[in-house]
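To keep things clear, I will list the structure first and then write my remarks on it.
Read-outs: derived from the displayed coordinates by stated rules, not from any lab. The structure displayed is predicted, hence computed values, not measured ones. Glycine also receives a Cβ, built like all others from the backbone with ideal geometry; neighbour counts cover every protein chain displayed.
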Ligand SMILES: Cc1cc2nc3c(=O)[nH]c(=O)nc-3n(C[C@H](O)[C@H](O)[C@H](O)COP(=O)(O)O)c2cc1C
């Protein structure tokens, strides 16, 4: 089976159409402008409203650069602990490294002490990020049990105090990323978003799941629509966007101002170009050929090795390689081989041989 056929079949299995139906140019233009458009967050204007979501262990500088190149209007870093910044922890240096080539970029911090968060935000403001984001959605026990991330949804007033302190400490725009609430019976995203707005946030991103759901079940876009109705700052919708049809559907269901894509970009940084192309040209842009996929993946691997050293770079590229090649015939065997590779040269040889490029 060819890769293109596989994509088409997969989308049919998922009951999704890859491309909204072709429409006359005039109608397309209107639709495109309503759905995809530049977005201002405070004094930062994004060329478009497609945003790479923050993903710990995924959104390092090389991956963000690729997503930026592929058209993302904003890329987000992996989350960084405000406490770790305060203590100058060893690996925060890498997490705080942003490049002018990937801008505009949003840097995400987490924590729950308003003063510490504000002090650290002020301290790192001279770095070249454009927007600061506060994580109020992370569900993992290590973070949640510490009162950070999604735990702040339990205490909207503390969340407000944090936002106010940080917004007052910096000149760059501050955004907040939340979930629907802690659990299905304590959904309070509209209230938290309103508090965020009143406390100085320039935009809010809503992941349409509760903390208890982690990543299970489908994201509830109706709740995202409630948030959109509750605030006047830009609302960015997040959860389960895997292509242009989802963007169109989320717009129709929620009227959000922007779209955040996280897992849909794993091994698939061209998702941004695909969506932009679809709305701009009204036609589907096929996934790149094996040759292009290979070149992109190897470039990411090269950048990771250069940035982190070959030992770490090669280990960290393994999961990306698995995402890039998922669904290709023999990909399970390839994954096994990639896991044994120790050098960039060996990885390149393996991929070139495997994909005959
Ligand atoms: C591996 C992984 C790491 C993540 N790390 C973060 C993070 O550091 N900060 C954050 O706000 N969200 C994080 N998320 C959540 C995503 O940003 C996003 O909200 C979620 O995956 C839903 O969007 P999606 O359906 O487009 O993936 C992470 C998700 C995944 C899968």
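Of all residues in segment 62-115, those that are within 15 Å of the ligand (Cβ to nearest atom), assigned to a helix (DSSP H, G or I) and buried (at least 21 other Cβ atoms within 10 Å of the Cβ) total 6. When residue 193 is tested against the conditions (1) closer than 20 Å to residue 113 by Cα; (2) surrounded by fewer than 24 Cβ atoms within 10 Å (Cβ to Cβ), the lone failure is (2).
Of all residues in segment 36-51, none satisfies being assigned to a helix (DSSP H, G or I) and either in contact with a strand residue (DSSP E or B) (Cβ under 8 Å, 6 or more places away or on another chain) or more than 14 Å from the ligand (Cβ to nearest atom) (or both). For segment 332-355, a residue qualifies if it is without any contact (Cβ under 8 Å) to a residue 40 or more places away in the chain and surrounded by fewer than 16 Cβ atoms within 10 Å (Cβ to Cβ), and the qualifying residues are 332, 333, 335, 336, 339, 340, 342, 343, 345, 346, 349, 353.
Yes/no matrix, rows are residues, columns are (1) closer than 30 Å to residue 286 by Cα; (2) within 14 Å of the ligand (Cβ to nearest atom); (3) touching a residue at least 60 places away in the same chain (Cβ under 8 Å):
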{"position": "155", "(1), (2), (3)": "no, no, no"}
{"position": "160", "(1), (2), (3)": "no, no, no"}
{"position": "193", "(1), (2), (3)": "no, no, no"}
{"position": "210", "(1), (2), (3)": "no, yes, no"}
{"position": "219", "(1), (2), (3)": "yes, yes, no"}
{"position": "233", "(1), (2), (3)": "no, no, no"}
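Restricting 58, 35 to residues that are more than 15 Å from the chain's Cα centre (by Cα) and either closer than 16 Å to residue 259 by Cβ or surrounded by fewer than 22 Cβ atoms within 10 Å (Cβ to Cβ) (or both) narrows the list to 35.
Scoring residue 250 on the criteria (1) under 30 Å from residue 346 (Cβ atoms); (2) touching a strand residue (DSSP E or B) at 6+ places or on another chain (Cβ under 8 Å); (3) without any contact (Cβ under 8 Å) to a residue 40 or more places away in the chain leaves a single failure, condition (1).
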